[in-house]
Amino acid sequence: MNVVSVPSAVHTDYFKWQLEFLWYGHQKQYGESAKNKLFAVVAKRNTAKDDIIETLQWDTTAPCHMVDSFFDQFKNDSRVDGNNAIHQPLNIALAALAAVNKFSDDTVLEVMDCDLVHFRPHPNIEVKDGELIVWTSCENWFLKSLSTHKYMMDIYTKGNTKHYIGGFVPIIGTVKTFKQILPDWIDILIHMNTLKHTREVMWWNCMYAFNAACERQQINMIDKKLCYVPAIDPILDTNYIAHYSCDNRFHKYSYPNISTTKFLQNEFYSLAHEWLNHKKLAR
C-alpha cells in the first residue's frame, strides 16, 4: 500500500534542513517512488512579525505545497491571535487539511512534524476507515490526557475515553478519516487556546485537540509501535520512522554542529551520520 508522508514545516532555515534530512531518507528508502510518497506542507511564515513567503525559496526536489500559517488562515476569527506564541505550533492540522484536499479518500496519509525521518521502508500498513495509527509514548511522558490533564479533554469528550489513547505524530490513516476529524480538531483547537490553562499544557494543545476530536468522532486510535523516539524508546524491529525531536545525540537545536561520537549503533543513527557526511561533501 502506498503511504504519503505529510510533514508540516515552516519557511525558515530551521525547518529547511529538517525537510532535507527527511527527503534524503525518503529517496534512500524508496528511490524514484519517493516523489509519490511525500507531500511536504510549508507554512508561509512562523510569527506575525515575519514576512509572508508566497513561493517556496528552497532549492529542493521534494514535493512541497505552501499554506498560510494557522494564525493567518483564521485571522478573521477573533479567538486567534497571531501575536500569541501559543498559536504558532499549530500548522500540523493545516498540513492535514491541505493533504485531504489533494488526495483521494482511500489514500493513506502519514501526517507528522518535520523532525521525523524514514530509516527503513515502511511495512505494509493496513488501516481501516475510522482508525488512526499513532505514537503513544507521549501520553505517559508529558501529555497525560488520560490522567493528570484529563480535565482539558473532559470539556469536549464528556469524560469519555473509549477511543483516544493519548497519541500523536506520526498519525497514519485514510484521507476519509482525516476529513472526518479535521473540523472538530480545528474547532476544538481554536477554542482550547482561549482557555486559561497553564502554559505547561497549552503548548501541546494541538495534541489534546486531536485526541478530543478522535473521541468525539469515535475514531479508534491504535499504536502499532512503528515510531522510534531515541530520547525515550529502544529501537524495535517494527520501527521504520524516527522522531528525533528531543534526542540529545542527534540534537536538532545544535545543527549543524552535531557530534557523531555518541551516536548509537542502529539504522537511524547510521542514516543521520550518512546524511551529515553528505551535507559536508556538498558544501
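The values are calculated or read from the model by the stated rules, or taken from the named source; none is laboratory data. Everything numeric here is computed off the predicted structure, so don't read it as measured data. Every residue, glycine as well, gets a Cβ built from its backbone with ideal geometry; the counts of neighbours run over all protein chains shown. Remember, those area values only see protein heavy atoms, side chains included, never the ligands or the DNA or RNA. Shrake-Rupley method; radii C 1.70, N 1.55, O 1.52, S 1.80 Å.
Numbers at a glance
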{"quantity": "Residue among Lys158, Lys150, Lys49 with the largest mean-square fluctuation in a Gaussian network model of the chain, springs linking Cα atoms under 10 Å", "calculated": "Lys49"}
{"quantity": "With DNA, RNA and ligands ignored, accessible area of Asp237 (1.4 Å probe; Å², nearest 10)", "calculated": "150 Å²"}
{"quantity": "Whether segment 128-267 is rounded, prolate or oblate, judged on the alpha carbon gyration tensor where a/c under 1.5 counts as rounded", "calculated": "prolate"}
{"quantity": "Normalised contact order of the chain, rounded percent, pairs of Cα under 8 Å and 6 or more residues apart", "calculated": "19 percent"}
{"quantity": "By accessible area with a 1.4 Å probe, ligands and nucleic acids excluded, highest first: order of Trp23, Trp203", "calculated": "Trp203, Trp23"}
{"quantity": "Table column - 3J(HN,Hα) (Hz), segment 112-118, Karplus curve with 6.51, -1.76, 1.60, x for Gly and Pro", "calculated": "7, 5, 7, 8, 10, 8, 7"}
{"quantity": "Overall form of segment 64-196 per C-alpha gyration tensor (a/c, 1.5; a/b vs b/c)", "calculated": "oblate"}
{"quantity": "Given charges at beta-carbon only (K, R positive; D, E negative), |dipole| of the chain in Debye", "calculated": "340 debye"}
{"quantity": "Karplus-derived 3J(HN,Hα), 6.51/-1.76/1.60, for each residue of segment 143-148, Hz, glycine and proline x", "calculated": "5, 6, 6, 9, 9, 4"}
{"quantity": "Mean accessible surface per residue for the chain, computed with a 1.4 Å probe while every protein chain stays in place, in Å²", "calculated": "45 Å²"}
{"quantity": "Length gained when the stretch His191-Ser147 is fully extended (0.36 nm per residue, less Cα-Cα span)", "calculated": "13.7 nm"}
{"quantity": "Phi to ³J(HN,Hα) by Karplus 6.51 cos²θ - 1.76 cosθ + 1.60 over segment 247-256, Hz, x for Gly, Pro", "calculated": "6, 8, 9, 8, 8, 5, 6, 9, 4, x"}
{"quantity": "Inter-centroid distance (Cα atoms) of segment 188-234 relative to segment 12-48, Å", "calculated": "23 Å"}
{"quantity": "Segment 123-244, dipole about Cα centre (Lys/Arg Cβ +1, Asp/Glu Cβ -1), debye to the nearest 20", "calculated": "260 debye"}
{"quantity": "Correct option for Cα extents along the principal axes in Å [calculated from the coordinates] among (1) 64, 52, 37; (2) 54, 43, 37; (3) 128, 42, 31", "calculated": "(2)"}
{"quantity": "Rel. contact order, % - alpha carbon contacts under 8 angstrom, at least six apart, segment 44-122", "calculated": "23 percent"}
{"quantity": "Sequence-separation-based contact order of segment 136-283, relative, with Cα cut under 8 Å and 6+ spacing, percent", "calculated": "19 percent"}
{"quantity": "Most mobile of Arg120, Arg79, Arg45 in a GNM of the chain (Cα contacts under 10 Å)", "calculated": "Arg79"}
{"quantity": "Anisotropy class of segment 209-263 from Cα gyration tensor, a/c 1.5 cut", "calculated": "oblate"}
{"quantity": "Tyr253 paired with Asp59, simple spin-label distance in nm, labels 7 Å along Cα-to-beta-carbon", "calculated": "3.0 nm"}
{"quantity": "Among His191, Asn257, Ala242 - extreme Cα towards positive end, dipole of the chain, charges at beta-carbon", "calculated": "Asn257"}
{"quantity": "Counting DSSP beta bridges with both ends in the chain, the antiparallel % (nearest 5)", "calculated": "30 percent"}
{"quantity": "Placed amide H near His65: partners under 5 Å, 5+ positions off or other chain", "calculated": "Ala40, Val41, Val42"}
